[in-house]
Amino acid sequence: MTILDDLVAGFRLLRGLPSFVRQPIRLEEARQLVRRRLETREIDFLAFVRRAIYERADSPYQALLRGAGCEYGDLERLVTGEGVEAALETLLRNGVYLTVDEFKGRRPVVRGATTFHVEPTRLWNRPLGGHVESQTGGSRGSHTPVAIELPSIRDWAVNTRFEFAARGDGPWAPARWTVPGGEAVAGILRFYIGSGVPLARWFSPIDPSSPQLHPRYRWSARILRWGSQVGGVPVPWPEHVPLEDPHPIVRWLAEALRAGSTPFLVAYVSSAVRLARTALAAGIDLSGTHVLGTGEPLTASRRDTVRRAGIKIAASYASMEVGPIGSGCLAPMAPDDVHVFHDLQALVQPPGPADADAGPGRPLFVSTLRPSAPLGLLNVSLGDQAVLTRRRCGCLLGEVGWRTHLHGIRSFEKLTAGGMSFLDADIIRVLEDVLPSRFGGTPTDYQLVEDEEEDGGARLRLLVHPAIEPVDPDAVAGVFLEAIGSGSGAERVMGLAWRSAGLLRVERQPPLTTGSGKILHLHVNRRP
Ligand SMILES: [Zn+2]
């Protein structure tokens, strides 16, 4: 993404913000909108397929549908006869899907005699020109720019309205502990439009004025502040609260509770664990605080630690490509039980048993239903798997009509450690290429180990095989973080966060093997 793209997106955002922030969504309005979306689901899906695929010569899905012998009329009959999901499952069985590698353009699509590469920009639902530019992670310098329009954020905020309503009446004091950037801007606006309550505080785990941070991050926060100020609902400037010392957030939460507010904090799951540990150590009770845990699996041990501090934590499942996918059930049957927003997307899974090594879930294939979705997806894997169920839980999110649940959501592609997500391919590149070429040894001489601590916290170690010539641990850590954080994108932010949190310790020790004898790039020591 060029500086010019950034500027154009920034200008468009600035121009659109004032009127945007003046129109939060009311509960009754949200109720009507979701009801209508659920009623017109099949019509909306067919409209998307016709407009974004059959009528668009450069759509990569056209070749897949042709290969399956599926004309528009066939699909229409399938959808009206059996429903959206059944139709998508039929397509999936007939080769109409994209794996995550195909979707990101890392591998060619091969179906029978047809071979082609997916150009990510051809999946954009609209021609260029978003209000918020963000990008998905990519390996070897390939990033998928995602242009998010304010109407997309408004569409998502309709669902957020219920995320607040289901948790009570407030009075809410919303806050975030996230780095500035496109994702944060979209999230802040979504939660404001969906609650009508301005963001009270914005904490950033990275110093927003750090010269190491790409100017894009600072500018996104500035534009958000200026535009929202003109609209009369100023978004606060991000305050630096490093991951290793969440005291300022703990103090603010306690004050907000004392003042009679209900804090609603959005943060990475592992950040929430750190926050809870800090509160517990300081003897501060945060009962009444709500946290929406993002970006990482919400496991039982993590949830339990957070709960010990009095915090109610629910999972949020979202992706940069499609926005929010689901939100935590209020009567969960698993720690990360979420209601699927199936008015926004349709999710299907391939038949067959789950891969026991990878966890209880099966791969998820996502299709977008709303015309406002940044990318048009038809059976696309985002690299995640989960257990998909339908049940009546009795919570308000179910009453809205969202009866599909997901739990056991795990990425089978991204590696998540220390609150940050990395692509497997990036970790492999650094462990197998960068470090051996600099310090010697072979690819299996380096390993990243995440140790799950008793209370669900995480500690990272970079193991260096003792057979390698003596090395300076700081130099190895420096090269690792530098290589992971190369470029100006999200990985750089992650590298900085790891460095500032002192999360990475280098140890001379042979890499660990799994029970089945595998040496994984990221070895996770789970507690029994
Ligand atoms: Zn529920």
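Each value in this text was obtained by applying a stated rule to the coordinates, not by laboratory testing. Predicted, not measured: the structure shown is a model, and the values here were computed from it. Every residue, glycine as well, gets a Cβ built from its backbone with ideal geometry; the counts of neighbours run over all protein chains shown.
Could you tell me the distance between the Cα centroids of region 161-193 and region 294-346, to the nearest Å?
14 Å
Please report, in whole Å, how far the alpha carbons of region 200-311 spread along each principal axis, starting with the longest.
Principal extents (largest minus smallest coordinate, Cα): 39, 32, 23 Å.
Once both labels are modelled 7 Å past Cα along the beta-carbon direction, what's the R308-R50 spacing in nm?
Here the answer is 5.8 nm between the modelled labels.
Along each of its three principal axes, how wide is the spread of alpha-carbon positions in region 273-376, in whole angstrom units, largest first?
If we take the Cα atoms of region 273-376, the spans are 48, 36, 22 Å.
In region 225-267, whose amide N lies under 18 Å from the spot 7 Å out along Cα-to-Cβ of D285? List them in ranges.
250-263
Using a simple spin-label model with points 7 Å from Cα along the Cα→Cβ vector, what separation in nm is obtained for A57 and E39?
Calculated label separation equals 3.9 nm.
For R22 paired with Q229, estimate the spin-label separation in nm (one decimal), with each label point 7 Å from Cα along the Cα-to-Cβ line.
Output for this residue pair reads 1.9 nm.
Under the Kirkwood approximation for Rh and a Cα-based Rg, what ratio Rg/Rh is obtained for the chain? Present the calculation step by step, with values, prior to reporting the outcome.
Values: Rg = 22.7 Å, Rh = 23.9 Å.
Using Cα coordinates only, the ratio equals 0.95.
If you bin every alpha carbon distance in region 241-305 into 5 Å steps from zero, what whole percent lands in each bin?
Distribution as computed: 3, 19, 30, 28, 15, 4, 1 percent.
Enumerate by residue number the GluC sites (Glu not before Pro) in region 1-100 meeting two conditions: DSSP loop (anything except H, G, I, E, B), and at most 12 other Cβ atoms within 10 Å of the site's Cβ.
Details: sites: E28, E29, E39, E42, E55, E71, E76, E82, E85, E89; in loops: E55, E71.
Answer in residue order: E55, E71.
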